[in-house]
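Data first, discussion second: the structure below is written as structure tokens.
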Amino acid sequence: MPTPRPELLIEMQRRMWRVRAFDERAVELRHAREIHGPVHPSIGQEAACVGACMALREDDTLTGNHRSHGHPIAKGSELGPLMAELLGKATGVCGGMGGSMHLADFSVGSLGETGIVGAGIPIAVGAGLSARVRGTDQICIAFFGDGASNHGTFHESLNLAAIWKLPVLFFCENNGYAATTSLARATSVEDVAERAAGYRMPGVVVDGQDAVAVYEVTAEAAARARAGEGPSLLEAKTYRYLEHAEGEGIPGFYRDAAEIERWRQRDPLEIHRQLLLDRNLLDAAGADRIEREARAEVDAALAFARESAEPEPRAAFDVVFANSGGSGT
Amino acid sequence: MSETRELSYAEAIHEAQILEMGRDASVILIGEDIHGLTLGPYAEFGPERLWSAPISESGFTGMAVGAALTGLRPIVDLLISSLLYVAMDPLVNQAGKLRAMTGGQAKVPAVFRCGLWHGSSYAAQHSDRPYPLFMNSPGLKVAIPATPADAKGLLQTAVRDDDPVMIFEDRNLAHERGPVCEGDAPVPFGQARVHREGSDVTLVAIASAVREALAAADDLAREGISVEVIDPRTLVPLDRETLLGSVRRTGRLVVADPAHRTCGAAAEIAALAAEEAFDALRAPVARVTTPDVPIPFSPALESKLYPSQQGIADAVRRVARY
């Protein structure tokens with residue numbers, strides 16, 4: 001199994017802290033109504049998105065979902081344009097047209113996120129087909145939740161990628177709940193990865209709180225896809241500590257505090273910090289510094305976002321079509 | 001001026017596809033049951049350019065969006081327009097919106113070929129003419145050829161356009177023959193075709209209603225009514241200038257469209273005339289459309305519903321005499 005190099009192990013912690021600090025700040029801003037519209041935090045799920053993205057190449061692509069701040073961050077996006085997007089500013093990565101649920105950063109291969117559950121999965125399959133037709137060895141990874149595995153697009157996509165052996169990774173971040181509906185209540189299988197068998201592709205369950213484990217299974221599946229051996233379905237068992245969408249008043253009746261506390265005991269940043277200390281890659285001060293630096297980066301991103309101008313009213317009309325005609329009427 | 005020869009509407013579509021696939025290696029075809037094409041003139045392109053898909057309209061339409069985002073120019077054969085409802089999310093939410101939602105980072109140069117099968121007893125679930133839905137979905141371009149030359153030229157332009165284009169092909173016209181230029185003959189979007197000039201009534205017609213409208217105009221000319229027949233060819237973008245210019249000259253407008261009546265293309269064009277050329281109108285605008293009923297199976301029922309030569313001529317007479 002491909003094991004990450006020491007500097008990569010340290011970078012993983014840095015990116016996980018970026019994701020967490022970014023999302024903690026986004027939640028605060030949502031409650032303060034400085035961010036408009038829903039915010040779906042990934043706090044608790046950082047190892048899944050960072051472990052997976054860091055196993056990819058820079059020119060590989062990804063599609064995300066509504067809970068997707070972490071994916072571009074994990075792939076290496078600058079934080080300033082992401083935070084400015086959450087605030088709806090002209091300097092936002094999407095010019096204020098997307099917002100929290102729809103970050104896209106083509107500069108790092110993030111093809112976009114969608115608030116329509118399951119909709120990003122076939123788009124990733126198309127990116128895989130495109131890589132094959134263009135003769136590159138890029139792969140595309142589709143991030144989605146356990147809820148999306150009950151959507152028709154998931155099943156159509158797995159079949160399409162399997163029959164054509166496309167370089168696609170299907171990465172399920174199974175946090176146990178589709179909004180408020182538990183996996184057990186909504187899903188015919190215990191492990192989403194079981195569904196891979198129906199499409200004759202590898203299905204792998206991995207501890208989603210362990211960034212190294214996620215990295216290893218993703219790197220292996222990526223190598224397989226790149227070699228033309230076809231897609232894989234990876235399932236990271238993870239958990240979101242906060243609500244489905246913060247600040248929307250979604251009642252918490254569907255899970256108990258003990259369950260949340262149990263998962264908090266296996267915090268991905270703590271687990272990875274311990275690994276870095278155990279392997280003498282960092283001392284405690286060095287590990288603390290990573291957290292401080294990530295928080296400072298988020299502060300700088302927020303300052304940039306706050307200082308940025310609002311988009312011009314015309315901006316909504318200018319991005320409808322690439323070739324002119326038909327817009328703005 | 002390149003040479004022309006007679007081709008059918010269906011032949012013209014294939015000619016456009018083959019030309020574009022030959023011109024640009026990023027053009028691929030995706031659709032159900034297209035594997036047979038590899039035996040014919042498409043064989044030269046090899047299996048990596050033709051993706052004969054399982055019955056997964058939502059899946060492969062979404063795939064086309066992903067392929068278009070990453071450097072390909074897919075042509076998706078959606079065969080029957082009523083199947084578009086199965087693929088609404090990738091069409092409306094993804095293809096149409098991703099450029100805007102990504103702040104212009106994305107372009108989605110995909111073509112969705114949608115067959116119109118009304119008039120053949122395919123009944124309610126295979127006979128729809130749903131292009132008005134997509135006129136109302138910002139970010140999608142909508143083209144509807146009514147002649148072989150336009151079938152070729154609009155498809156060539158659609159493939160070269162950097163935006164998602166839905167091109168509705170009226171299968172009632174599949175065997176109609178007409179002159180088509182050899183080689184490249186792209187038809188620009190947003191330019192209506194004035195099929196016939198006239199001074200008394202502007203008759204805007206869409207899809208197979210163009211054929212009926214031209215036949216009606218012949219009848220009306222013998223009665224002394226001079227009809228200008230215009231096919232917008234693209235509904236998004238819409239050639240407002242040509243339509244309004246004609247209405248300002250004639251002062252009378254009839255719109256013939258095989259789509260359903262409510263919120264249809266005819267309604268949009270009528271509203272445009274009312275808003276922008278009210279002072280020039282000398283009669284109420286008339287629409288000749290398909291009533292708002294699910295399309296029946298029985299030929300006895302179905303054949304009465306669509307704009308016909310007779311129905312269009314009657315509407316023009318009413319407007320001319322107003």
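The table below gives the values:
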read-out: Meets criteria (surrounded by 23 or more Cβ atoms within 10 Å (Cβ to Cβ), facing another protein chain (nearest Cβ under 9 Å) and under 24 Å from A:Val204 (Cα atoms)) for A:Pro72; value: no
read-out: Count of residues meeting criterion [part of a loop (DSSP other than H, G, I, E, B) and buried (at least 24 other Cβ atoms within 10 Å of the Cβ)] in the stretch B:162-179; value: 2
read-out: Neighbours by Cβ (under 6 Å, 6+ apart or cross-chain): first from the stretch B:93-120, over 30 Å from B:Phe297 (Cβ atoms); second open to solvent by 20 Å² or more (accessible area, probe 1.4 Å) and hydroxyl-bearing (Ser, Thr, Tyr); value: none
read-out: Restricting the stretch B:273-301 to residues that are of a type in the set (A, V, I, L, M) and buried (at least 19 other Cβ atoms within 10 Å of the Cβ), the residue that is farthest from B:Ser226 (Cα to Cα); value: B:Ile295
read-out: A:Pro41 being open to solvent by less than 20 Å² (accessible area, probe 1.4 Å), within 14 Å of chain B (Cβ to nearest Cβ) and not hydrophobic (A, V, I, L, M, F, W, C); value: no
read-out: Members of the stretch B:23-40 that are open to solvent by 60 Å² or more (accessible area, probe 1.4 Å) and part of a helix (DSSP H, G or I); value: B:Arg23, B:His35, B:Leu39
read-out: Those residues of the stretch B:103-126 which are within 14 Å of chain A (Cβ to nearest Cβ) and outside any loop (DSSP other than H, G, I, E, B), in sequence order; value: B:Val111, B:Phe112
read-out: Filter pass, A:Val205 being among the β-branched types (Val, Ile, Thr), open to solvent by less than 30 Å² (accessible area, probe 1.4 Å) and at pLDDT 95 or above; value: no
read-out: Counted residues, the stretch A:115-125 - those being in contact (Cβ under 8 Å) with a residue 12 or more places away in the chain and within 7 Å of chain B (Cβ to nearest Cβ); value: 5
read-out: Of residues in the stretch B:61-86 being under 17 Å from B:Glu32 (Cβ atoms) and of a type in the set (S, T, N, Q), the one modelled with the lowest pLDDT; value: B:Ser82
read-out: Test: residue in the stretch A:83-90 that is over 21 Å from A:Ala245 (Cβ atoms), surrounded by fewer than 24 Cβ atoms within 10 Å (Cβ to Cβ), modelled with pLDDT of 95 or more and within 14 Å of chain B (Cβ to nearest Cβ); value: yes
read-out: Residues being more than 7 Å from chain A (Cβ to nearest Cβ) and open to solvent by less than 10 Å² (accessible area, probe 1.4 Å) - total across the stretch B:54-63; value: 1
read-out: Unique match (being more than 14 Å from chain A (Cβ to nearest Cβ), without any contact (Cβ under 8 Å) to a residue 60 or more places away in the chain and either in a loop (DSSP other than H, G, I, E, B) or of a type in the set (D, E, K, R) (or both)) among B:Glu20, B:Glu44, B:Glu15; value: B:Glu44
read-out: Top-ranked residue in the stretch B:64-99 [being in contact with a Leu (Cβ under 6 Å, 6 or more places away or on another chain) and at the interface with chain A (Cβ under 10 Å from one of its Cβ atoms); ranked as surrounded by the fewest Cβ atoms within 10 Å (Cβ to Cβ)]; value: B:Gly96
read-out: Among the residues listed as A:Ala193, A:Ala222, A:Ala213, the single one being of a type in the set (Gly, Ala, Ser), free of Cβ contacts under 8 Å to residues at least 60 places away in the same chain and outside any loop (DSSP other than H, G, I, E, B); value: A:Ala193
read-out: Elements of type helices (runs of 4 or more DSSP H) in the stretch A:1-119, at least 2 residues being within 12 Å of the chain's Cα centre (by Cα); value: A:6-31, A:46-53, A:70-75
read-out: Filtered residue count, the stretch A:152-185, keeping only those that are in contact (Cβ under 8 Å) with a residue 40 or more places away in the chain and more than 14 Å from every other protein chain (Cβ to nearest Cβ); value: 12
read-out: Single condition A:Ser149 does not satisfy, out of (1) open to solvent by 10 Å² or more (accessible area, probe 1.4 Å); (2) more than 8 Å from chain B (Cβ to nearest Cβ); value: (1)
read-out: Given (1) without any contact (Cβ under 8 Å) to a residue 12 or more places away in the chain; (2) under 18 Å from the mean Cα position of the chain (by Cα), number of the condition B:Asp239 does not satisfy; value: (1)
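Condition check ((1) free of Cβ contacts under 8 Å to residues at least 60 places away in the same chain; (2) touching a helix residue (DSSP H, G or I) at 6+ places or on another chain (Cβ under 9 Å); (3) surrounded by 14 or more Cβ atoms within 10 Å (Cβ to Cβ); (4) of a type outside the set (A, V, I, L, M)) across all residues:
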position: A:Ala245; (1), (2), (3), (4): no, yes, yes, no
position: A:Ile260; (1), (2), (3), (4): yes, no, yes, no
position: A:Arg266; (1), (2), (3), (4): yes, no, yes, yes
position: A:Arg273; (1), (2), (3), (4): no, yes, yes, yes
position: A:Leu302; (1), (2), (3), (4): no, yes, yes, no
position: A:Ala305; (1), (2), (3), (4): no, yes, yes, no
position: A:Glu310; (1), (2), (3), (4): no, no, no, yes
position: A:Ala315; (1), (2), (3), (4): no, no, yes, no
position: A:Val320; (1), (2), (3), (4): yes, yes, yes, no
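The values are calculated or read from the model by the stated rules, or taken from the named source; none is laboratory data. Nothing here was measured: the structure is a model prediction, and the numbers come from that model. Using ideal geometry, Cβ is built from the backbone for each residue, glycine included, and neighbour counts are taken over all protein chains shown. Heavy atoms of the whole protein, side chains included, go into the accessibility calculation; ligands, DNA and RNA do not. Shrake-Rupley method; radii C 1.70, N 1.55, O 1.52, S 1.80 Å.
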